[in-house]
Amino acid sequence: QVQLVESGGGLVQVGGSLRLACEASTTLFSIIFLAWYRRAPRKQRELVARITSGGGTNHADSVNGRFTISRDIAKNTVSLQMSSLKLGDTAVYYCNANFGIGYDCWGQGTQVTVSS
């Protein structure tokens with residue numbers, strides 16, 4: 001069973017930066033795409049950013065220009081660099097790996113809190 005372990009969350013002030021990392025227990029070559037989602041209090045989970053097996057990326061409009069998803073194939077890691085953080089970015093961030101054929105898995109989540 002594939003495991004995803006997130007790290008890097010924490011408390012940061014408005015305008016600050018954080019970098020989240022998600023290490024997979026398997027090679028990234030077996031993953032169709034990797035993504036970061038977030039769930040803020042009293043809100044639905046939303047897709048933040050995604051990177052495909054070919055390296056193509058997509059970012060939600062709400063974070064475009066501020067967040068960047070990337071991967072390190074050698075380290076089986078996908079990262080999310082977050083800059084110019086806003087209060088509205090406060091959420092639990094989850095890593096997701098989609099293997100296709102109806103199978104995906106999730107990390108345990110990491111809390112990001114942006115304070116004024």
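The values are calculated or read from the model by the stated rules, or taken from the named source; none is laboratory data. Just so you know, these numbers come straight off a predicted model, no measurement behind them. Positions of Cβ are generated from backbone atoms using ideal geometry, with glycine treated the same way; all protein chains shown enter the neighbour counts. What goes into the accessible areas is simple: the full protein's heavy atoms, side chains included, and nothing from ligands, DNA or RNA. Shrake-Rupley method; radii C 1.70, N 1.55, O 1.52, S 1.80 Å.
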Checklist outcome for this item: Among residues of region 15-24 being closer than 17 Å to Gly109 by Cβ and not charged (D, E, K, R), the residue surrounded by the fewest Cβ atoms within 10 Å (Cβ to Cβ) is Ala21
Item to check | Selection from region 26-71 of residues that are among the aliphatic types (A, V, I, L, M), over 14 Å from Thr90 (Cβ atoms) and touching a Lys or Arg at 6+ places or on another chain (Cβ under 8 Å) | outcome: Leu28, Leu34, Ala35, Ile51, Ile69
Checklist entry - Tally time: how many residues in region 25-51 are surrounded by 13 or more Cβ atoms within 10 Å (Cβ to Cβ), modelled with pLDDT of 95 or more and not aromatic (Phe, Trp, Tyr)? => result 12
Checklist outcome for this item: Sole miss for Ala91 among (1) surrounded by fewer than 18 Cβ atoms within 10 Å (Cβ to Cβ); (2) at pLDDT 95 or above; (3) among the small types (Gly, Ala, Ser) is condition (1)
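Give the residue, chosen from Arg71, Arg66, that is among the charged types (D, E, K, R) and open to solvent by 40 Å² or more (accessible area, probe 1.4 Å).
That would be Arg71, the only listed residue that is among the charged types (D, E, K, R) and open to solvent by 40 Å² or more (accessible area, probe 1.4 Å).
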Item to check | region 99-116 - residue that is open to solvent by 40 Å² or more (accessible area, probe 1.4 Å) and of a type outside the set (Gly, Ala, Ser) and, of those, farthest from Ala40 (Cα to Cα) | outcome: Ile101
